[in-house]
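Engineer: Dropping a structure here in structure tokens format, bear with me for questions.
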Protein chains: 2
Amino acid sequence: MSDLADAVDAVDAVDAEDAVDAVDLAAWTCPAPLADSPTIVMGHGGGGAMSAELVEHLFLPAFRGPAAATELADAAVVALGGARVAFTTDSFVVRPLFFPGGCIGDLAVNGTVNDLAMVGATPCYLATAFILEEGTELAELARVAEALGAAARVAGVRLVTGDTKVVDAGHGDGVYINTTGLGLVPDGVDIRPGRARPGDVVLVSGEIGAHGVAVLSCREGLEFGTQVRSDTAPLSGLVAAMLATGADIHTLRDPTRGGLAATLNEIARGAQVGIAVTERAVPVAAPVADACSVLGLDPFAIANEGKLVAIVPAADADRVLEVMRAHPHGRDAAAIGTVTEDNAPMVVARTGLGGSRVIDLPMGSELPRIC
Amino acid sequence: MSDLADAVDAVDAVDAEDAVDAVDLAAWTCPAPLADSPTIVMGHGGGGAMSAELVEHLFLPAFRGPAAATELADAAVVALGGARVAFTTDSFVVRPLFFPGGCIGDLAVNGTVNDLAMVGATPCYLATAFILEEGTELAELARVAEALGAAARVAGVRLVTGDTKVVDAGHGDGVYINTTGLGLVPDGVDIRPGRARPGDVVLVSGEIGAHGVAVLSCREGLEFGTQVRSDTAPLSGLVAAMLATGADIHTLRDPTRGGLAATLNEIARGAQVGIAVTERAVPVAAPVADACSVLGLDPFAIANEGKLVAIVPAADADRVLEVMRAHPHGRDAAAIGTVTEDNAPMVVARTGLGGSRVIDLPMGSELPRIC
């Protein structure tokens, strides 16, 4: 997720004249009172409430001033030479570098390709920047680079510019990768969280939670036997197929850090709507459900790297779902809920027992360094 | 410098059919035999010969396949929706975060803005991605973000998308920043190393070596008293003024990592020309010269963050130099040499004593983590 694009709209509302010259940490209120513990904690990188606080209270005041008017989205859409260009950046710090189903190299391509796809853009170009730790084995780096190159070829994006920095041993963790993507948004396509409307149907493209569980299963000190593989995959082909139906897709998001819970909450807040989810309708593979059950994790809050959430008008839902199910990356797609006027901006799940529970925006991350 | 853009041209020459499936480290020959010491060392991040080896022998074979045809340049120039778009990425890992004359925040903006300017592009948009170390003080991060925002306002670029990741204490160093820039290349502008031609004049925009010496002066364990401040500055205004003369500027480069020595060598190799430099003509401020003398460093190999090298036809040199000197970031601009047919692809300096010396491409970096 591109957290700054999520919030640059707010910048335009800031009057540069009135803006204070420095960030006022004392006035910062947040569920975990940061003013009392004024240092970065792992939760600030979790993609949940603490990440949002950091953007809202630290980065945006600092970056005040002219900013492009984009809204809660995975990528910024900017005007450039007459074209509508999608632009998104992500750093990848996943640990370990290799995990069942993938590695940091393909993750870095797919994550950024997917952020472009979530605004309906056709991914075109990628920039890659490596921060390498002194002492990293060249053979391991080569495996990462091979995976990155292969993923780019699969996704049909061109790696056109890059950078390499090296930091001393003890100031990195093997390989960190930043990828920045450029894509073209076709004429007439307007996909963003703010377009979600009461009555719309919420679709998910498949079984959730695989990526987070796969990474966790090989985390040092936490190894457990499981057949769960990361779902890392490029979703631009699936999105192209969905767009080709002619349906007026309102919103697309990929539920990465913070999982489905964070994504649905961000959409609800971005559009000031409620979202009602039928818990039983959300596809979760049995091994993922089992692992979450044993570890006390909520599959709704676990990261995915090859899934998307789509918000579509009710009239279009069936044909979009049909096309999704016909695509290799959408075989297990399902309608999981509806957008409501009630309960805005909350996400409420109907449980299997007929009750209901509020699905909160996760505070930090249950699983740090998952992407 | 965007090392991948430097070399993607080579990718097009690789026959994907013939390409080996894995990087062959055993066949890798390089001045420092990496096959015998197959790990990343600090020199791989220095922007010199070792960085180039890593790109040529590891990244490019891995990234083989369709790549945009750009050539040795600070930014890739790609076609996007009918526009010529400049695209460049850089990570910043400078240590310490704050140094005389600047900090990692303004450096991250100016470095990327300058890479866009070096292909003649007007910088438009920036993406910023932070990798934060657990335990970093929010107040320190706020100072960095303030400096980044201020530098973007000065350079006239919009911060439109971003990302924040957090890594555990001991796996980072406070704040690492990646910035990726997007710019528009005006019609008719074709600025790249390959256009340097024998007879062209080599200009430099001011006194060299200040950034590296400024950072070094406050490096832990190395503090020494000096008045040298980093020259970090956005050069897009200077380049716009130079372009406005109507001169046919052949090549622009900003001599960052590896300094003037690396930049001139890369131009000589990129265009397969020789470059003759008059050592005495290269402006070096006295405190920089003194510091280099005491520390045994060569000012030609020290990083700059607010200087450029321009290669222009002899007929245009005087008026370009005049315009540079009239600009705040080019006051001390000077003609320092010529492009030659002889000695290709070497850089030869005429020394103050009337002799000559070859200026080599630095192997690694005399000063690691300078940007």
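The values are calculated or read from the model by the stated rules, or taken from the named source; none is laboratory data. All figures in this text were calculated on a predicted structure; none of them were measured in a lab. Positions of Cβ are generated from backbone atoms using ideal geometry, with glycine treated the same way; all protein chains shown enter the neighbour counts. Calculation scope for accessible area: heavy atoms of the full protein, side chains included, ligands and nucleic acids excluded. Shrake-Rupley method; radii C 1.70, N 1.55, O 1.52, S 1.80 Å.
Engineer: How big is Rg to Rh over the range B:288-335, alpha-carbon atoms, Rh as the Kirkwood inverse-mean-distance radius?
Structural biologist: 1.09
Engineer: Give the B-A buried accessible area in Å², both sides summed, 1.4 Å probe, nearest 100. Numbers along the way, then the final one.
Structural biologist: On the way: alone 16280 and 16230 Å², together 24870 Å².
So the total buried area for this chain pair works out to about 7600 Å².
Engineer: With a bin width of 10 angstrom, please list the P(r) values of the range B:75-189 as percents of all Cα-Cα pairs, from the 0 bin to the one holding the largest distance.
Structural biologist: 15, 44, 28, 11, 2
Engineer: While we're here: Just checking the output field for B:144-154: average partner chain Cβ neighbours within 10 Å of each residue's Cβ?
Structural biologist: 4
Engineer: Residue by residue, what Karplus-based ³J(HN,Hα) values in Hz, rounded to whole numbers, does the range A:282-288 have, using 6.51, -1.76 and 1.60 with θ = phi - 60° and x for Gly and Pro?
Structural biologist: Each residue of the range A:282-288 in turn: 7, x, 10, 5, 4, x, 5 Hz.
Engineer: Using the Cα centre of the range A:75-189 as origin and beta-carbon charges of +1 (Lys, Arg) and -1 (Asp, Glu), tell me which of A:G135, A:C103, A:V189 is placed farthest towards the positive end of the dipole.
Structural biologist: Farthest towards the positive pole: A:V189.
Engineer: Using a Gaussian network model on chain A with a 10 Å cutoff between Cα atoms, which of A:N110, A:N343, A:N304 fluctuates the most?
Structural biologist: In this elastic network of chain A, the residue with the biggest mean-square fluctuation among A:N110, A:N343, A:N304 is A:N343.
Engineer: Please compute P(r) over all alpha-carbon pairs of the range A:237-347, binned at 10 Å starting from zero, and give each bin as a whole-number percent.
Structural biologist: 14, 45, 34, 7, 0
Engineer: Same structure, new question: Using Cα springs under 10 Å in a Gaussian network model of chain B, which residue among B:V213, B:V288, B:V358 shows the largest mean-square fluctuation?
Structural biologist: Of B:V213, B:V288, B:V358, the most mobile in the Gaussian network model is B:V358.
Engineer: Sticking with this structure for a sec: Threshold 40 Å², probe 1.4 Å: give the residues of the range B:177-192, in number order, that are less accessible with all protein chains present than with their chain alone.
Structural biologist: Flagged in the range B:177-192: B:L182.
Engineer: If the chain between B:A169 and B:R229 were fully stretched, how many nm would it gain, using 0.36 nm times the residue separation less the Cα-Cα distance?
Structural biologist: The span from B:A169 to B:R229 would gain 18.6 nm if fully extended.
Engineer: For a quick check: with amide H placed at 1.01 Å from N, whose amide H comes under 5 Å from A:T232's, ignoring anything fewer than 5 positions away on the same chain?
Structural biologist: Placed amide hydrogens put A:E305 under 5 Å from A:T232.
Engineer: Would you kindly derive the ³J(HN,Hα) couplings of the range A:138-152 from the backbone phi angles with the Karplus curve 6.51 cos²θ - 1.76 cosθ + 1.60 (θ = phi - 60°), listing them in order in whole Hz, with x for Gly and Pro?
Structural biologist: 4, 5, 5, 4, 4, 5, 5, 5, 4, 5, 5, x, 5, 5, 5
Engineer: GNM on chain B, C-alpha springs below 10 Å: top fluctuator among B:A139, B:A121, B:A62?
Structural biologist: Between B:A139, B:A121, B:A62, it is B:A139 that shows the largest mean-square fluctuation.
Engineer: Classify chain B as rounded, prolate or oblate, taking a ≥ b ≥ c as the square roots of the eigenvalues of its Cα gyration tensor: rounded when a/c is under 1.5, otherwise prolate if a/b is larger than b/c and oblate if not.
Structural biologist: Cα axes put chain B in the rounded bin.
Engineer: Work out from phi, with θ = phi - 60° and the Karplus expression 6.51 cos²θ - 1.76 cosθ + 1.60, the ³J(HN,Hα) of each residue of the range B:123-129, listed in order in whole Hz, and give x for Gly and Pro.
Structural biologist: x, 10, 10, 10, 10, 10, 10
Engineer: Give me the 1.4 Å probe accessible area per residue for the range B:197-253, excluding ligands and nucleic acids, in Å².
Structural biologist: On a per-residue basis, 34 Å².
Engineer: Another question, then. On average, how many beta carbons from a partner chain sit within 10 Å of the beta carbon of a residue in A:121-133?
Structural biologist: 6
Engineer: Here is a follow-up. Express the carbon and sulfur contribution to the solvent-accessible surface of the range B:57-177 as a percent, rounded to the nearest whole number, probe 1.4 angstrom.
Structural biologist: It is 54 percent, rounded to a whole number.
Engineer: Indicate the gyration tensor shape class of the range A:300-371 (rounded, prolate or oblate), computed on the Cα atoms with a ≥ b ≥ c the square roots of the eigenvalues: a/c under 1.5 is rounded; otherwise a/b larger than b/c is prolate and the rest oblate. It would help to have the intermediate numbers written out before the result.
Structural biologist: Details: a/c = 2.06, a/b = 1.16, b/c = 1.78.
Note, shape of the range A:300-371 comes out oblate.
Engineer: Taking a label point 7 Å from Cα toward Cβ, how far is A:G354 from its twins in the other copies, in nm, shortest first?
Structural biologist: Nearest to farthest, the other copies are at 10.5 nm.
Engineer: What lysines sit close enough to A:K307 to cross-link, taking a C-alpha to C-alpha distance under 22 Å and skipping anything fewer than 8 places away on the same chain?
Structural biologist: B:K165
Engineer: Need one value for A:46-53: mean number of C-beta atoms belonging to other chains within 10 Å of its residues' C-beta atoms.
Structural biologist: Other-chain Cβ atoms within 10 Å of each residue's Cβ, averaged: 1.
Engineer: Write down the Kirkwood hydrodynamic radius of the range B:90-130, to one decimal in angstroms, obtained as one divided by the mean of 1/r over all alpha carbon pairs.
Structural biologist: 11.1 Å
Engineer: Scaled to the compact-protein estimate 2.2 N^0.38 Å, what is the alpha-carbon radius of gyration of the protein assembly as shown, rounded to two decimal places?
Structural biologist: Its radius of gyration relative to the 2.2 N^0.38 Å reference: 0.94.
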